[in-house]
Amino acid sequence: MKVILLSFVIVSIIFLIIDVIWLSFAVKNFYKPNLAGIPMLDKPNLVAGIIFYLIYTMGLTLIILRPALYSESIFLALWTGIVFGVVAYATYNLTNMAFIKNWSINVVIVDMIWGGILTGFSSAATIYVTKNILNL
């Protein structure tokens, strides 16, 4: 149980840091231009953001990291993390495309790719840190 909880903390930190770096660039340079005409907040809703990160990394820990920890497989964490990320980000983006006028196909494609890369890397890095640096 200790390893699972520690993995949750590690993946949350890794995921958050990388996503904040991405969003600090992408909101202004990619999302706003591609979602022109769709109202966006000037500042993000931090409570909603924190809730998202907690729920997402909890799901990631239970569904992806737990099996990868038991098998001690960075590769398993990487490829299942990629799939998890693509599916989660596809759910969001394709639902938006189905119901929000002018939702950009560019956003759908880039965001799904980003979700896969971010989630796969965060998962693999968490297994690496847990097994090779912390020796758990």
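Readers should treat all values here as calculations from the given coordinates under stated rules, not as data from a laboratory. All values reported here derive from a predicted model rather than from experimental measurement. Reconstructed Cβ throughout: ideal geometry from the backbone, glycine too, with neighbour counts over all protein chains shown.
Before moving on, here are some points about what is shown:
- Matching residues, region 26-36, being within 16 Å of the chain's Cα centre (by Cα) and not small (Gly, Ala, Ser): Val27
- Matching residues, region 37-88, being farther than 16 Å from Tyr128 by Cβ, over 17 Å from the mean Cα position of the chain (by Cα) and in contact (Cβ under 8 Å) with a residue 24 or more places away in the chain: Gly37, Ile38
- Selected residue (only one of Val27, Val3 is of a type in the set (Val, Ile, Thr) and in contact with a Pro (Cβ under 9 Å, 6 or more places away or on another chain)): Val27
- Residue within region 82-95 that is part of a helix (DSSP H, G or I), closer than 14 Å to Ala125 by Cβ and either in contact with a Ser or Thr (Cβ under 8 Å, 6 or more places away or on another chain) or among the hydroxyl-bearing types (Ser, Thr, Tyr) (or both) present: yes
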